[in-house]
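Structure first, then comments.
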Amino acid sequence: MTAREPAAPPDSEERPDYFALLRDRYDLTAVPFTDRASRLLLFLDPDRKAFHVRVSERWPRLDYVEGDYRTRRPIVRDLRPTDGDGRPLPFTLTSFPHRVELLTERGPFAMVFADPEVLLITMPPGRVGVQCLVRAEHGAADRRGAHFRGVRNVALTTNARLLSNAVEPQGVHYRVDLRVDAGTDAAVSLNITPRLGFNRGLHPQAALAESEHQWRRWFEAAPPVHPRYHLPYYYAWWIMRAGLVSSRYYLTREAMVPSKVRYVGVWQWDAFFHALAYRYVDLRLASDQFRIFIDHQRPDGMLPDAVYDEGVIDHLAYPVDAPVTKPPMAAWAAWKVYQTTGDLDFLAEIYAPLVRWNEWWFTHADDDRDGIAQYSHPFSSGFDDSPLWDAGMPVESPDLSTYLCLHMEALAGMAEALGETEDAARFRARADDLVPRMIEHFYDPQAGVFWAMRPTDEGHRRVEVLTSLNLFPLWTGRLPPAVTQRLVDHLTNPEAFWTRFPIPSVARSDPAFNPTQMWRGPVWVNINYLFVEALQRAGFPDLARQLCDSTLDLVAGSADMREYYHPETGQPPPQAAPCQGWTAASFIDLAIRRSRGEV
């Protein structure tokens, strides 16, 4: 694998037609049509030749009656256009970032978000209609359509002249058959909300124009990149906007969820990767991905693992009973945001909370007081399913000490920018001091890797499973040359990590390697992102470019941006979540930096 020639910085005026470029880019059977801040997910059901609408939210209190939030039944299903006699109209589907179009023999229908809780369906002139099933406890027709009460409240509203308006109970649903004589600018709105009040206003042309305007502004704010990246790059930006959910209850800020389909909530290290993309287009969005967690920082300094609408996760009883958080990446990511935006006020706001977060690891996550922090819960590592945790917890893993080294390095930069010179010197010295301690504690000169350790009553035991985490100390850029070279040798070994598409999460040569199971073998784009930086810091720019190019090609090789990929085929395994945020964010940052010649 060789790197391409560095891409010349792109012409700032070289912009594609965003909507033509992204026409039919996403598959509505797996990737929903949704919009910024919305919880509504519109999917195509190809067997029924109709659509269904799910709601992207968790609410565990509904689990007993509704099931897990990933598999809950749609609120609206069998949504389809009809003619004036109620016969379903076959349609040809075309999707764009801002709308979905249905071309029928009676003319075009279009779907667009009028607001986060309102899906608007425009209709062609003439006798046409809309049918659907609404899951509700109570429902009734009214003079403008129909309204329903249930798990979520629903209203259908039209501005066209009603010809017939049938609303009939059908099991747990109400069947709606709405037929109209549509004039110009006719539409039906579908308002799905947890609120008692409905939004039944209809302004179809304004909604279509505003949606296009907002999406165009979003794409235009993105830095230009080399044309070879245009299609996946602007699709990644679609994900970064479509994946945003509005503030609600514990979710104190507008935030990007990892996947509206699979992971509804805000996880700590996902959020920090998301911020790396948002820093290029919206300072408030970028900084709010940190504030969400600082809003919920515990008195002891710990930042929670995740924040949901209905609460936070900072302790779990499965698979072990322990506090749960995520790796300390906040200062590293926040420093990158500051280097792009220059917003000193942002640093002043978050500096003290991040200092407390740093100290939590040394005072609350070091049971044997050896100066090496530990993971007490496997989910705190982010590598939830890694074989590193199979033998039990806690585990002192070399990646954690690496994160802390980079975290304190970033805190030193922040302190210096804020005029806290004593703090800056202290954090810089602590980062420097941690590296030799890591080498002494983890490094095996014979194997040439940093093994994870399990503290036991009899001493520390090696966890001899070879994963990408065992190479993380390369990222410090502070290792002796001989140690650095051994790690690079492992990284570039085709039988270990330098597969057709590097870097597998478990070495190909390890018995635990499984290329399709979560953290037991697949490639994760955000981890590759860290190793691109690690190779640059360690003095291997050519390898960094090779890995960057391979990673960009890997992501561009699939229509969607998935959670993880097979290290040999480059294809996402079926269980990998769709429209994954940190894959999109990592791709964006790598494409920008590669286009600028920074990698």
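Coordinate-derived values only; no laboratory data. For clarity, every value in this text was computed on a predicted model and none was experimentally measured. Cβ placement follows ideal geometry from the backbone for every residue including glycine, while neighbour counts extend to all protein chains displayed.
Points worth noting:
- The set of residues in the range 499-519 being surrounded by fewer than 22 Cβ atoms within 10 Å (Cβ to Cβ) and either in contact with a Lys or Arg (Cβ under 6 Å, 6 or more places away or on another chain) or in contact (Cβ under 8 Å) with a residue 40 or more places away in the chain (or both) consists of Arg500, Arg508, Ser509, Asp510, Ala512, Asn514, Pro515, Thr516, Gln517, Met518.
- Restricted to the range 563-589, and to residues there that are of a type outside the set (A, V, I, L, M) and outside any loop (DSSP other than H, G, I, E, B), the residue that is nearest to Ser56 (Cα to Cα) is Gly581.
- Just one of (1) in a strand (DSSP E or B); (2) closer than 27 Å to Asp27 by Cα fails for Pro90. It is (1).
- If the condition is being without any contact (Cβ under 8 Å) to a residue 12 or more places away in the chain and closer than 26 Å to Leu388 by Cβ, then the range 314-359 contributes His315, Ala317, Tyr318, Asp321.
- Members of the range 168-194 found to be closer than 18 Å to Asp35 by Cβ, in contact (Cβ under 8 Å) with a residue 60 or more places away in the chain and not in a strand (DSSP E or B), listed by number: none
- The listed residues are His52, His98, and the only one of them that is touching a helix residue (DSSP H, G or I) at 6+ places or on another chain (Cβ under 6 Å) and not charged (D, E, K, R) turns out to be His98.
- Only one of the numbered conditions (1) outside any loop (DSSP other than H, G, I, E, B); (2) under 26 Å from Thr363 (Cβ atoms) is not met by Pro299, and that is (1).
- Taking every residue in the range 265-293 that is closer than 22 Å to Arg70 by Cα and pairing it with any residue that is of a type in the set (Ser, Thr, Tyr) and surrounded by fewer than 24 Cβ atoms within 10 Å (Cβ to Cβ), at least 6 positions away or on another chain, the pairs with Cβ-Cβ distances below 7 Å are Gly265/Tyr308.
- The set of residues from the range 259-279 being assigned to a loop (DSSP other than H, G, I, E, B) and under 23 Å from Val31 (Cβ atoms) comprises Lys260, Val261, Arg262, Val264, Gly265.
- The number of residues in the range 40-98 that are among the β-branched types (Val, Ile, Thr), in contact with a strand residue (DSSP E or B) (Cβ under 6 Å, 6 or more places away or on another chain) and buried (at least 16 other Cβ atoms within 10 Å of the Cβ) comes to 4.
- Against the criterion of being part of a helix (DSSP H, G or I) and closer than 22 Å to Arg54 by Cα, Ala207 qualifies.
- Those residues of the range 386-436 which are assigned to a helix (DSSP H, G or I) and β-branched (Val, Ile, Thr), in sequence order: Thr402, Thr421, Val435
- Residue within the range 304-318 that is within 15 Å of Leu400 (Cβ to Cβ), part of a loop (DSSP other than H, G, I, E, B) and in contact with a strand residue (DSSP E or B) (Cβ under 7 Å, 6 or more places away or on another chain) present: yes
- Entry remark, the range 406-465: residues being more than 16 Å from Ala373 (Cα to Cα), surrounded by fewer than 13 Cβ atoms within 10 Å (Cβ to Cβ) and among the small types (Gly, Ala, Ser) number 2 in total.
- Tally of residues being closer than 24 Å to Leu466 by Cβ, over 22 Å from the mean Cα position of the chain (by Cα) and among the hydroxyl-bearing types (Ser, Thr, Tyr) across the range 326-383: 2
- Every condition in (1) touching a Pro at 6+ places or on another chain (Cβ under 7 Å); (2) within 20 Å of Thr492 (Cα to Cα); (3) not in a helix (DSSP H, G or I) holds for Asp560 except the one numbered (2).
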